[in-house]
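The values are calculated or read from the model by the stated rules, or taken from the named source; none is laboratory data. In this text, all values refer to a predicted model and were calculated from it rather than measured experimentally. Positions of Cβ are generated from backbone atoms using ideal geometry, with glycine treated the same way; all protein chains shown enter the neighbour counts.
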There are 2 protein chains.
Amino acid sequence: MAVYTEISDEELSRFVESYGLGQLLSYKGIAEGVENSNYLVHASSGTFILTLYEKRVDPDDLPFFLGLMEHLFQRGVTCPLPVHDRQGKVLNKVAGRHAAFVTFLEGVWPRKPTAEHAVEVGRAMARMHLASQDFAPKRHNALGLTGWRPLFDKFSARSDDIMPGLHKLVSNELDVLEQNWPRGLPEGVIHADLFPDNVFFIAKKLSGLIDFYFACNDALAYDLAIALNAWCFESDFSYNVTKGRALIKGYEDVRPLTNDERAAFPLLARGAAMRFLLTRGYDWLNTPKTALVARKDPFDYVRRLRFHQSATSLADYGCEVAG
Amino acid sequence: MAVYTEISDEELSRFVESYGLGQLLSYKGIAEGVENSNYLVHASSGTFILTLYEKRVDPDDLPFFLGLMEHLFQRGVTCPLPVHDRQGKVLNKVAGRHAAFVTFLEGVWPRKPTAEHAVEVGRAMARMHLASQDFAPKRHNALGLTGWRPLFDKFSARSDDIMPGLHKLVSNELDVLEQNWPRGLPEGVIHADLFPDNVFFIAKKLSGLIDFYFACNDALAYDLAIALNAWCFESDFSYNVTKGRALIKGYEDVRPLTNDERAAFPLLARGAAMRFLLTRGYDWLNTPKTALVARKDPFDYVRRLRFHQSATSLADYGCEVAG
């Protein structure tokens with residue numbers, strides 16, 4: 001939870017006015033997102049989220065994220081729609097921060113995801129992948145394969161402080177991933193962070209996707225592997241085959257995986273577990289215990305990684321594999 | 001800012017249903033209030049605030065606060081209206097906490113209060129005082145005259161750590177207040193915490209009062225003295241006579257002060273400064289620097305207290321005093 005930057009009523013009133021959104025009626029800092037400051041804004045023309053981008057976000061990436069949301073929205077993917085100001089701009093500055101208004105999306109994210117949620121998530125992800133095929137801008141995945149080793153180098157010397165044996169585990173796994181990472185899979189824009197708190201539902205029906213601030217170009221099936229890590233493990237770290245099967249089935253309802261993608265899936269899932277293990281490991285050692293933002297335990301992803309290491313095909317995830 | 005207690009989507013859906021509010025559409029923890037957890041809830045029937053009462057609030061006081069809000073609302077004082085559940089109750093339990101729904105009040109609180117704001121605040125306070133005259137329940141002011149010495153005793157030994165000389169200043173002032181505190185002034189229900197962040201405006205028009213969780217029975221003019229401390233000093237601690245005059249005038253537009261109240265005002269203002277000096281002083285020494293809630297500097301109220309000590313009549317606050 002986080003509101004880092006305060007904005008005054010007068011400043012926000014003027015800002016709302018510059019978008020032609022009518023009169024400012026109320027605004028509340030909301031305890032959501034760990035990277036940016038977010039306000040829920042009621043104006044006479046509707047309800048919006050104002051995001052003030054904090055230091056961890058590269059301003060040069062913002063046109064990509066905002067352009068992507070607009071592109072997806074226009075193609076029927078329910079997501080927040082960036083609002084253009086009177087001059088036509090979606091990105092501005094206020095309270096000393098880069099800032100954007102997006103439309104407010106109703107929905108609640110499921111604290112206890114079920115297979116019914118997972119199948120909808122799979123479908124929505126595939127629709128997003130298809131809808132972004134003609135999105136021209138590109139963004140490199142800084143947290144993809146080539147980013148993992150440099151990130152590990154930043155804390156590898158202290159990694160066994162997190163868990164004895166972690167250094168060896170990660171070093172060996174990075175070797176495997178770097179040597180065997182699949183090439184030539186279908187690529188496109190991936191969400192790259194489609195965790196339950198980024199998917200809204202109203203009465204079991206998916207109402208929208210949010211938080212595209214990790215979106216980038218990468219293998220589409222890698223996005224599915226991230227979601228499988230995020231949605232299909234229980235709090236005791238066991239893989240829930242019913243949810244996993246539902247997620248993948250939902251995805252394939254809209255966009256069937258290629259044979260290469262199916263064959264590569266266990267390795268993609270290992271890579272996805274590694275990506276979150278590494279960022280959580282780094283944050284674990286570098287986030288003060290007293291910070292506003294709760295640290296997330298890297299161990300969750302050690303356990304996931306071990307599961308994926310034992311998998312040899314999609315059959316191990318509960319899916320039929322053509323003989 | 002604070003969201004201390006998490007509530008799950010399923011739990012909240014059931015809770016919303018038990019109030020007949022329709023379908024839960026969204027909920028966001030909001031960074032407001034330092035005592036309780038607050039969620040802004042969109043349901044199909046409207047927008048509400050869900051408050052989960054945390055440890056610092058005495059559950060026995062909740063019927064007073066909620067009953068007062070309902071009483072005031074019904075008499076035309078714009079404030080959040082507690083919602084009755086299907087059984088007619090306004091107070092329930094959820095997520096392990098006492099909890100209540102109130103209607104959401106549009107408006108923004110003024111970061112830079114002006115005399116125009118102050119006059120409206122004075123009027124709204126006086127209307128609240130009149131509207132609560134027939135509110136039967138009573139609540140003792142634990143932070144009134146009799147509460148100050150015991151509160152100071154809790155940190156007096158360390159009070160000079162806050163500011164050299166603070167111990168002597170407070171001890172002497174408490175002697176004066178205890179010996180001279182005015183008796184027999186008109187009493188009633190006071191808000192007791194009507195700071196700018198508890199008064200909402202839309203386009204310079206007051207849209208409502210919130211946060212009645214310090215409300216209690218005490219001298220009405222003492223409430224005005226609290227508001228004067230809260231609204232009419234600049235960030236350099238100087239008294240702004242234009243705002244002070246506007247606040248008192250606004251109050252008297254609706255409820256003229258009695259001669260006794262006018263005569264007692266400087267002492268009431270000293271008491272009000274003392275009350276905030278003491279709670280801030282205690283919190284200063286007892287809130288970890290790393291806490292989610294920012295500590296407020298007790299020094300602000302030392303400076304206000306010194307101003308009030310120099311005042312001898314309402315004339316010193318910019319008001320005409322009958323010769």
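Worth a mention:
- Here B:T290 fulfils each of the conditions (1) in a helix (DSSP H, G or I); (2) β-branched (V, I, T); (3) at pLDDT below 85 apart from (1).
- Among the residues of the stretch B:183-197, the ones that are buried (at least 17 other Cβ atoms within 10 Å of the Cβ) and within 14 Å of another protein chain (Cβ to nearest Cβ) come to 1 in all.
- The condition of being among the acidic types (D, E) and either part of a strand (DSSP E or B) or under 30 Å from A:Y4 (Cβ atoms) (or both) holds for only one of B:E17, B:E35, that being B:E35.
- Of the residues screened, B:L68 is one that is more than 22 Å from B:K205 (Cα to Cα), crowded, with 18+ Cβ neighbours inside 10 Å, hydrophobic (A, V, I, L, M, F, W, C) and within 17 Å of the chain's Cα centre (by Cα).
- Options B:A225, B:A264, B:A269: the member that is of a type in the set (G, A, S), assigned to a helix (DSSP H, G or I) and more than 20 Å from the chain's Cα centre (by Cα): B:A264
- Between B:H117, B:H129, the distinction of being within 14 Å of chain A (Cβ to nearest Cβ) and surrounded by 20 or more Cβ atoms within 10 Å (Cβ to Cβ) belongs to B:H117 only.
- Qualifying residue in the stretch A:4-15 (condition: within 13 Å of chain B (Cβ to nearest Cβ), touching a residue at least 40 places away in the same chain (Cβ under 8 Å), touching an Asp or Glu at 6+ places or on another chain (Cβ under 9 Å) and among the β-branched types (V, I, T)): yes
- Odd one out for A:C79 among (1) over 29 Å from B:N36 (Cα atoms); (2) surrounded by fewer than 22 Cβ atoms within 10 Å (Cβ to Cβ); (3) away from every other protein chain (no Cβ under 14 Å): (2)
- For the stretch B:30-44, the criterion of a residue being touching a residue at least 40 places away in the same chain (Cβ under 8 Å) and away from chain A (no Cβ under 14 Å) is satisfied by at least one position.
- Within the stretch B:89-114, being within 21 Å of B:K28 (Cβ to Cβ), within 14 Å of chain A (Cβ to nearest Cβ) and assigned to a loop (DSSP other than H, G, I, E, B) holds for B:A95, B:F104, B:L105, B:E106, B:G107, B:W109.
- Some residue of the stretch B:203-215 being outside any loop (DSSP other than H, G, I, E, B), at pLDDT 95 or above and more than 30 Å from B:L66 (Cβ to Cβ): no
- For A:G250, the test of being farther than 13 Å from A:H129 by Cβ, small (G, A, S) and in a helix (DSSP H, G or I) is failed.
- Filter result for A:L52 (within 14 Å of chain B (Cβ to nearest Cβ), assigned to a strand (DSSP E or B) and among the aliphatic types (A, V, I, L, M)): yes
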